[in-house]
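Trainee: Below is one structure. I have some questions about it.
The values are calculated or read from the model by the stated rules, or taken from the named source; none is laboratory data. What you are looking at is a predicted structure, and each value in this text was computed from that prediction instead of being measured. So basically every Cβ, Gly included, is an ideal-geometry build from the backbone, and we count neighbours across all protein chains shown.
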Amino acid sequence: MSKTVTSLELEDRRVGKDLYSYQKGAIDKIFKCFEEAPEDYHLLYQLPTGGGKTVIFSEIVRQYLKHHKKKVLVMTHRIELCRQTSSMLEEFGVVNKVVSSKANLDDQAQYSCFVAMVETLNNRLQEDKLDISDIGLVIIDEAHYNSFTKLFKYFEKSFILGVTATPLSSNIKLPMKDNYDELIVGETIESLIKNKFLSKADIYSYNVGLTSLVVGANGDYTVKSSEDLYTNNDMLSKLMQAYEERSKGKKTLIFNNGINTSLHVYDTFRAAGYPIAHLDNTNTKKERRKILKWFNQTPDAILTSVSILTTGFDEPTVESIILNRATKSLTLYYQMIGRGSRILKNKNTFTVIDLGNNLHRFGPWGADLDWQRIFKSPNYYLDNILSDEELEDNFRYEMPADLRAEFGNSDVVYFNIKETYISAVRNGESSKVVLERSIEHHAKICIENSEDVYDALDLAKKLGDDIDYRIHRYTKCISKSTYNFVEWLKDDYRKKLRAYLRANFDEVFEEIHGKPAES
């Protein structure tokens, strides 16, 4: 049996040998900029997750130290990234020192390269514990985070190289073009997939009503409004249904917006008998190591988490990603999906389930984005992202395949609420006739696929998602959508559908089949 080769092992083999051609090309472009630009130039380099950003800047550090007499500082925003970066630099033969809160810096003269987390570095600089007078090159990993910019004042005579998969600031009020002079765009996701460096994502999007979500001060949906939506039984059922349709038996990562949501997901899957673990930033280092070891060693493992694994986490055996959340952040969208993109000898595709309309908002992962334009005009890009209302206006309810099979005798199961409403208004009719005609249609498809009224009533119970979709479309048409009114309409619709079936089953059955129903 052949041994599975991970992407990390491929990187290990490459160290000390030739880099991939696109990586060498990127390094050449960056060094050309070094030579031609002023010493205080700020350069940004973009490369997709999984493309080897750490490999590239480790080789840059190695070459820089070989040909320059100045020192290098590498900054990250998380301690895990600090350790990973330090290890990769050592593999390239670069002896380095991690500047931690407990590190003794008396021996700093012995080192030509330092690795530091941004907050720790800020504290050590304010304490005047680190000598940065001889730093010629500063490298910033995950440069789209804005926590780094407060440190730029310390490096006014240093060349700054920021690296990121998505050159779009995490804060729309602080665009990256204000802190970087130039962007170099690396290999595209499409090209990396074509050349077998990344796996291809098969994305399945399930339409979700998001108008109850609230956008917070950071420009993304608040945890509270997300948890209110994603912990309700309907959404948990939709998550389970999506998993069983597309990801059952696959090693799966589930991303949530809120610890409470992740715990609900954990309880739901555990009750169903699936192997699942929950991870968030309150877990101890020991617990985290134990959970990630279990996840690595369990073929059909499910790990539900809260954004903690979006960066600094590399598990190539992940086969499925579930976005059990909505986000306004293009960067987060790419980071979450990127966790499944690592390629293996026996893995060149992975599954993505989107339960936050993110695919409709941002487009497919790996689409041809104009990063130069996004870098230069971020507001133009952000202003053209569709709102949740606009997205949902384009939705059309589609029955799941197993439910559609139960309505196999019906040619048409879709009913256009908006068209029916417009027609009614033009004819001077009350808007109430829209729901009456919808109920008649639902009754008809139930009767078409039933032998008696009890069968029809049983089928009607299975139309919950379709009923809710039609009610939401209707309330948009009449511009009345308070929570209590919508809930009352849903309940009233179900009662009227049941009553209609009981009162009209025999007549409609005979009309459809040309014979009376069997008594």
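Trainee: If I filter region 210-251 down to residues being in a helix (DSSP H, G or I) and small (Gly, Ala, Ser), which single residue comes out as farthest from LEU330 (Cα to Cα)?
Mentor: Just the residues of region 210-251 that are in a helix (DSSP H, G or I), to begin with: 223-230, 233-246.
Next, from what is left, pick out any that are small (Gly, Ala, Ser): 225-226, 237, 242.
Working: SER225: 20, SER226: 17, SER237: 27, ALA242: 23 Å.
Among those residues, the one meeting the criterion is SER237.
Trainee: When you look at PHE375, is it closer than 30 Å to VAL306 by Cα, surrounded by 13 or more Cβ atoms within 10 Å (Cβ to Cβ) and touching a residue at least 12 places away in the same chain (Cβ under 8 Å), yes or no? Break it down stepwise before answering.
Mentor: Values: closer than 30 Å to VAL306 by Cα: yes; surrounded by 13 or more Cβ atoms within 10 Å (Cβ to Cβ): yes; touching a residue at least 12 places away in the same chain (Cβ under 8 Å): yes.
Yes; evaluated as a whole, the condition is true for this residue.
Trainee: Here is a further query. Return yes or no: is TYR154 surrounded by 19 or more Cβ atoms within 10 Å (Cβ to Cβ) and over 23 Å from VAL94 (Cα atoms)? Show your work before the answer.
Mentor: Numbers: surrounded by 19 or more Cβ atoms within 10 Å (Cβ to Cβ): no; over 23 Å from VAL94 (Cα atoms): yes.
For TYR154, the condition - surrounded by 19 or more Cβ atoms within 10 Å (Cβ to Cβ) and over 23 Å from VAL94 (Cα atoms) - is not met.
Trainee: Residue by residue through region 167-198, note down the ones that are under 13 Å from TYR145 (Cβ atoms) and part of a loop (DSSP other than H, G, I, E, B).
Mentor: Passing the criteria: PRO167, LEU168, SER169, SER170, ASN171, LEU174, ASN179.
Trainee: Another one. Provide a single number: the residues in region 486-519 that are more than 16 Å from GLY464 (Cβ to Cβ), basic (Lys, Arg) and without any contact (Cβ under 8 Å) to a residue 24 or more places away in the chain.
Mentor: Residues meeting the conditions: 1.
Trainee: Given the criteria among the hydroxyl-bearing types (Ser, Thr, Tyr) and either not in a loop (DSSP other than H, G, I, E, B) or not assigned by TED's automatic domain parsing to the domain that holds THR351 (or both), does THR268 qualify?
Mentor: On the way: among the hydroxyl-bearing types (Ser, Thr, Tyr): yes; either not in a loop (DSSP other than H, G, I, E, B) or not assigned by TED's automatic domain parsing to the domain that holds THR351 (or both): yes.
Against the criterion (among the hydroxyl-bearing types (Ser, Thr, Tyr) and either not in a loop (DSSP other than H, G, I, E, B) or not assigned by TED's automatic domain parsing to the domain that holds THR351 (or both)), THR268 qualifies.
Trainee: For LYS224, work out the one condition from (1) more than 17 Å from SER262 (Cβ to Cβ); (2) in the same structural domain as ASN346 (by TED's automatic domain parsing) it doesn't fulfil.
Mentor: Tallying (1) more than 17 Å from SER262 (Cβ to Cβ); (2) in the same structural domain as ASN346 (by TED's automatic domain parsing), LYS224 fails exactly one: (1).
Trainee: Output yes when any residue across region 471-481 is over 18 Å from ALA443 (Cα atoms), touching a helix residue (DSSP H, G or I) at 6+ places or on another chain (Cβ under 9 Å) and outside any helix (DSSP H, G or I), and no when none is.
Mentor: yes
Trainee: Give the residue that is farthest from THR284 (Cα to Cα), with candidates limited to residues of region 67-84 that are modelled with pLDDT under 90 and of a type in the set (D, E, K, R).
Mentor: Ranking the candidates gives LYS69 first.
Trainee: To continue, here is another question. Report the residue count in region 157-173 for those that are surrounded by 17 or more Cβ atoms within 10 Å (Cβ to Cβ) and within 22 Å of ASP383 (Cβ to Cβ).
Mentor: Step one: list which residues in region 157-173 are surrounded by 17 or more Cβ atoms within 10 Å (Cβ to Cβ), which gives 158-170.
Then drop every residue that is not within 22 Å of ASP383 (Cβ to Cβ), which leaves 164, 166-170.
Qualifying residue count, region 157-173: 6.
Trainee: If the Cβ limit is 9 Å and pairs must be 6+ apart or interchain, which residue in region 128-152 that is over 20 Å from LYS70 (Cβ atoms) and assigned to a helix (DSSP H, G or I) pairs with which residue that is at pLDDT 85 or above and hydroxyl-bearing (Ser, Thr, Tyr)?
Mentor: Filtered contacts from region 128-152: ASN146/SER169.
Trainee: Considering LEU125, LEU130, which residue is crowded, with 16+ Cβ neighbours inside 10 Å, more than 22 Å from TYR45 (Cβ to Cβ), aliphatic (A, V, I, L, M) and in contact with a Lys or Arg (Cβ under 7 Å, 6 or more places away or on another chain)? Lay out the reasoning, then the answer.
Mentor: Details: LEU125 fails: in contact with a Lys or Arg (Cβ under 7 Å, 6 or more places away or on another chain).
Going through LEU125, LEU130 in turn, just one is crowded, with 16+ Cβ neighbours inside 10 Å, more than 22 Å from TYR45 (Cβ to Cβ), aliphatic (A, V, I, L, M) and in contact with a Lys or Arg (Cβ under 7 Å, 6 or more places away or on another chain): LEU130.
Trainee: If I filter region 237-245 for residues that are under 30 Å from VAL55 (Cβ atoms), more than 18 Å from the chain's Cα centre (by Cα), without any contact (Cβ under 8 Å) to a residue 12 or more places away in the chain and not assigned by TED's automatic domain parsing to the domain that holds ASP466, do I get at least one hit?
Mentor: no
Trainee: When region 264-307 is examined, which residues are found to be crowded, with 19+ Cβ neighbours inside 10 Å, within 20 Å of VAL318 (Cα to Cα) and hydroxyl-bearing (Ser, Thr, Tyr)?
Mentor: Answer for region 264-307, where residues must be crowded, with 19+ Cβ neighbours inside 10 Å, within 20 Å of VAL318 (Cα to Cα) and hydroxyl-bearing (Ser, Thr, Tyr): TYR266, THR304, SER305.
Trainee: Restricting to region 395-444, and then to whatever is of a type in the set (Gly, Ala, Ser) and part of a loop (DSSP other than H, G, I, E, B), can you tell me which residue is farthest from ASP458 (Cα to Cα)? Talk me through it step by step, then tell me what you get.
Mentor: We begin by selecting, within region 395-444, every residue of a type in the set (Gly, Ala, Ser); these are 401, 405, 408, 410, 423-424, 428, 430-431, 438, 443.
Now restrict to residues that are part of a loop (DSSP other than H, G, I, E, B): 408, 410, 428, 430-431.
Details: GLY408: 15, SER410: 16, GLY428: 36, SER430: 30, SER431: 28 Å.
Step by step, filter region 395-444, then rank; the result is GLY428.
Trainee: For THR475, are the conditions met, namely being of a type in the set (Val, Ile, Thr) and surrounded by 13 or more Cβ atoms within 10 Å (Cβ to Cβ)?
Mentor: Values: of a type in the set (Val, Ile, Thr): yes; surrounded by 13 or more Cβ atoms within 10 Å (Cβ to Cβ): yes.
Spelling it out, THR475 is indeed of a type in the set (Val, Ile, Thr) and surrounded by 13 or more Cβ atoms within 10 Å (Cβ to Cβ).
Trainee: Name the single residue, out of those in region 253-263 being touching a helix residue (DSSP H, G or I) at 6+ places or on another chain (Cβ under 6 Å) and not in a strand (DSSP E or B), that is nearest to PRO316 (Cα to Cα).
Mentor: Step by step, filter region 253-263, then rank; the result is ASN256.
Trainee: Looking at LEU213, is it crowded, with 18+ Cβ neighbours inside 10 Å, modelled with pLDDT under 90 and farther than 23 Å from GLY340 by Cα?
Mentor: Spelling it out, LEU213 is indeed crowded, with 18+ Cβ neighbours inside 10 Å, modelled with pLDDT under 90 and farther than 23 Å from GLY340 by Cα.
Trainee: Being within 19 Å of PHE148 (Cβ to Cβ), of a type in the set (Asp, Glu), surrounded by 15 or more Cβ atoms within 10 Å (Cβ to Cβ) and in the same structural domain as VAL138 (by TED's automatic domain parsing) is the requirement here; does GLU59 meet it? I'd like the intermediate steps shown before the answer.
Mentor: Details: within 19 Å of PHE148 (Cβ to Cβ): no; of a type in the set (Asp, Glu): yes; surrounded by 15 or more Cβ atoms within 10 Å (Cβ to Cβ): yes; in the same structural domain as VAL138 (by TED's automatic domain parsing): yes.
So GLU59 does not fit the description; no.
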